[in-house]
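First the structure, in the form of structure tokens, and then the observations on it.
The values are calculated or read from the model by the stated rules, or taken from the named source; none is laboratory data. These numbers come from a predicted model, not from an experiment. Every residue, glycine among them, receives a Cβ derived from its backbone with ideal geometry; neighbour counts consider all protein chains shown. All accessible areas refer to the heavy atoms of the entire protein, side chains included, with ligands and DNA or RNA removed. Shrake-Rupley method; radii C 1.70, N 1.55, O 1.52, S 1.80 Å.
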Amino acid sequence: MSRPPVLTFTDKGIYCPAGDFYIDPWRPVNRALITHGHADHARPGMGTYLATHLALPVIRHRLGDIDADGIRYGEKRTIGSAQVSFHPAGHVPGSAQIRVEVAGEVWVASGDYKVVDDGLSDPFEPVKCHHFITESTFGLPVFRWPDQAEVAAELNAWWRGCAATGKTAFLGAYSLGKAQRLMALLDPDIGPILTHTAVENTNVVLRGQGIPLADTVHVTPDLNPKDYPGALVLSPPSAQGSAWARRFGPQETAFASGWMALRGIRRRRAGDRGFVISDHADWAGLLWAISETEAENIYVTHGYTDIFMRYLNDNGWNAEVVPTQFNSDMTETEDGG
């Protein structure tokens, strides 16, 4: 009698029958293994959670009092008749790919990942496997990320120009991951970095874990913008143009996202400027990561799934699209992920 697949795709999420657990489930289940703390992967209502020690503080910050256990990168746990381990995904601090082995057959669920070392997250680690579940957020050849030093130079030149003309620079980014990555690229000699509460709350959690972040000033109701000439304000995109933002007077707005590589989206969504930087793998990064796994069977989730699947099948892999409820193609324009 044949045994069920190591991982299956259900209406609750990615399920392991041998271990009776789910990976990043989107509906309540008894046991959830979580790749990282973004809202589409770590959801409330699970019986128990298992995530890396580095991811748990942010997950607890978002979800409150949950029954959760931490695991180190590379540590092996036996759950039922499945052996699991978590490996760096390079997406945001604490993010992981989850390796599941049953009777010698290995599957890896990547969650979200990027292959560029941002200096904050543990760098992406390829994991050999038979079956690899990959995201495809930027699964088109047009998405090729510029060097981070180049992006940093563009960002700081824009901020310096704003400061020189007496304007506040407003930079929109998701509060977990992207905001901290931008802080590492900004030149504090230009002026103070002010933060929206959503960004600063995440900073506090990450600093509490010992992750070194640039100095910031939390924008509280009693903060007087005149006390911070030449400032750059880092906020969720939704705060740009709000009454909260207008108190800063003359300003320029910008958005940092991989989607800024597309001229049409850059024109519609970027305000005054757009900077191409993402916490997901670009086209070359996706193909490199898949190749490094040496997996023959690839399961493509959120993003340009059909196009990316066809490319993989035309180039020697066995690929298929699988349905998930992780955020897909326009996520970064809304949330900056």
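Counting residues in the stretch 146-196 as N, plug N into 2.2 N^0.38 Å and put the Cα Rg over that result.
On the way: Rg = 10.8 Å, N = 51, 2.2 N^0.38 = 9.8 Å.
With N residues counted in the stretch 146-196, Rg over 2.2 N^0.38 Å equals 1.11.
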From the C-alpha gyration tensor of the stretch 1-82, pull out the three semi-axes of the equivalent ellipsoid (sqrt of 5λ each), sorted largest to smallest, in whole Å. 22, 15, 10
For R62, R160, the accessible-area ranking with a 1.4 Å probe, largest leading, is R160, R62
In whole Å and largest first, what semi-axes does the C-alpha gyration tensor of the stretch 1-144 yield when each eigenvalue is scaled by 5 and square-rooted? 22, 19, 15
Using a cut-off of 23 Å between alpha-carbon atoms, which lysines can reach K226, once sequence neighbours fewer than 8 places away in the same chain are excluded? K167
Compactness of the stretch 74-140 - radius of gyration and Dmax, Cα, Å: 12.4, 39
Over 25 Å apart: what share of the alpha carbon pairs of the stretch 107-220 falls there, rounded to a whole percent? 35
Please work out the C-alpha center-to-center distance from the stretch 61-125 to the stretch 214-245 and express it in whole Å. 35
Taking amide H positions as placed 1.01 Å from N in the peptide plane, with prolines and chain starts having none, which residues 5 or more places from V106, or on another chain, fall under 5 Å of its amide H? H130, H131
Taking all protein chains in place and a 1.4 Å probe, what share, in percent, of the accessible surface of the chain do carbon and sulfur account for? 49
Dipole of the stretch 143-238, positive direction: furthest Cα of V204, P236, A157, with charges on the beta-carbon: P236
How far apart, in nm, are the 7 Å Cα→Cβ label points at A184 and V321? 3.4
Given a Förster radius of 41 Å and the C-beta distance between I307 and L223 as r, what FRET efficiency does 1/(1 + (r/R0)^6) yield to the nearest 0.05? 0.35
In this structure, the FRET efficiency calculated for S2 and S242 from their beta-carbon separation, with R0 = 56 Å, to the nearest 0.05, is 0.50
Here Rg/Rh (Cα, Kirkwood) for the chain equals 0.99
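Can you give the FRET efficiency to the nearest 0.05 for A157 and D215, using r as the Cβ-Cβ distance and R₀ = 22 Å? Walk me through the intermediate numbers first.
On the way: r = 21 Å, r/R0 = 0.96.
Rounded to the nearest 0.05, the efficiency is 0.55.
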Solvent-accessible area of Y73 with every protein chain in place, 1.4 Å probe, in Å² to the nearest 10: 60
When the chain is treated as a GNM, springs tying every alpha-carbon pair under 10 Å, which of A256, A231, A243 comes out with the largest mean-square fluctuation? A243
Lysines with Cα under 22 Å of K76, excluding same-chain neighbours fewer than 8 positions away: K128
With x for Gly and Pro, the residue-by-residue ³J(HN,Hα) of the stretch 83-90, computed from phi through the Karplus equation 6.51 cos²θ - 1.76 cosθ + 1.60 at θ = phi - 60° and given in whole Hz, is 10, 10, 8, 10, 9, x, 9, x
Pairs of alpha-carbon atoms within less than 8 angstrom and 6+ residues apart define the contacts here; what relative contact order does the stretch 163-293 have, in percent? 33
Over the stretch 1-113, what is the relative contact order in percent, taking alpha-carbon pairs closer than 8 angstrom and at least six residues apart? 20
In a GNM of the chain with a 10 Å cut-off on Cα contacts, which of H87, H36, H218 has the highest mean-square fluctuation? H218
